[in-house]
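Each reported figure results from applying straightforward, stated rules to the coordinates on display, with no laboratory input. Keep in mind that what you see is a predicted model, and the values were worked out from it rather than measured. Reconstructed Cβ throughout: ideal geometry from the backbone, glycine too, with neighbour counts over all protein chains shown.
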Amino acid sequence: MLCRIVDQFNYYFPMRIDAFLDESPLFAVNRAARRFESLTAQVLAADTLGFLEGLVLAAMFFEAPKLVKPSQLAETFGTTRGNVSHCVSSLEAKGLLQRKIDPEDARAYQLTLKPQGKKCALRVIAAFDKLQKEFEEEVGRTALSNMLKAIRKLEALYAPR
């Protein structure tokens, strides 16, 4: 009952900042990112994977038989080597991938999927594919493509140089 009263109050008396937030791409992208993070957590929950772990598995699957280095993953996903290192350790502990010392550079590792990791990667790819199709059905392929172009253009404005 109290929640309904609060919702009605918020509907009739919105916060002053709401008008600003409605026009803010920064807020919209941030809010969408948090919601997508929650969505992917639900989708990947059956395999107890986080979003980055799912991306790593998908990337390794698509790159096979070429060996992948963690530094390549960090650059591709726009994250730190530390984040990728934690992710790789987690995936290794789950028995989904293995790392080997790079024979050409003893400071680097090469990553390969284990058989269980390949199966898991296929489930992850199917889940990401399903989400993509839902987005396209809901928003439309062209609108989605235009939105991605706009987001990338804004992102490029503030990319490190």
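Starting from the 7 Å offset along Cα-to-Cβ, what nm value, one decimal, do you get for the label separation of Ser85 and Glu155?
It works out to 2.5 nm between the two label points.
Please rank Thr76, Thr48, fewest neighbouring Cβ atoms within 10 Å first, as an exposure proxy. Please report the intermediate quantities before stating the final value.
Working: Thr76 14, Thr48 10.
Ordered from fewest to most neighbouring Cβ atoms within 10 Å, Thr76, Thr48 come out as Thr48, Thr76.
Under a 5 Å amide H to amide H cut-off, with H placed in plane at 1.01 Å, what residues pair with Ala108 once short-range neighbours are removed?
Asp102
How large is the dipole of segment 13-157 about the Cα centre if only Lys and Arg carry +1 and Asp and Glu carry -1, each at its Cβ, rounded to the nearest 20 debye? List each step's numbers first, then the result.
Values: 21 positive and 18 negative charges, 72 e Å.
In debye, rounded to 20, segment 13-157 gives about 340.
Add -39500 (n - 2.57) for each DSSP H run of 4 or more in the chain, then divide by its residues: what number comes out at 222 nm, to the nearest 500 deg cm²/dmol? Mind showing how you got there, number by number?
Numbers: 8 runs with 113 residues, N = 161.
Roughly -22500 deg cm²/dmol at 222 nm, from the helical runs in the chain.
By counting other Cβ atoms within 10 Å of each Cβ, how are Arg107, Arg152 ranked from fewest to most? Before the final figure, lay out the partial values.
On the way: Arg107 6, Arg152 10.
Least crowded to most crowded, the residues run Arg107, Arg152.
Using only the alpha carbons of segment 13-157, determine the length spanned along each of the three principal axes and report them from longest to shortest in whole angstroms.
Taking max minus min along each principal axis of the Cα atoms, segment 13-157 gives 61, 30, 30 Å.
Two decimals, Cα atoms only, Kirkwood Rh: what is Rg/Rh over segment 41-113?
Working: Rg = 11.8 Å, Rh = 12.4 Å.
Rg/Rh for segment 41-113 comes to 0.95.
Helix by helix, which DSSP H runs in the chain go 24 Å or more along their axis at the Cα atoms and have an average Kyte-Doolittle hydropathy of 1.0 or more? Provide the component values of the computation, followed by the final result.
On the way: long enough: 25-44 (27 Å, 0.28); 115-139 (36 Å, -0.50); 141-157 (25 Å, 0.10).
Going by DSSP H runs, there are no hits.
Within the chain, how many Lys pairs sit with Cα atoms under 25 Å apart, leaving out pairs fewer than 8 places apart on the same chain?
25
Order these by the 10 Å Cβ neighbour count, fewest first: Phe77, Phe20. Mind showing how you got there, number by number?
Numbers: Phe77 16, Phe20 10.
By the 10 Å Cβ count, ascending, the order reads Phe20, Phe77.
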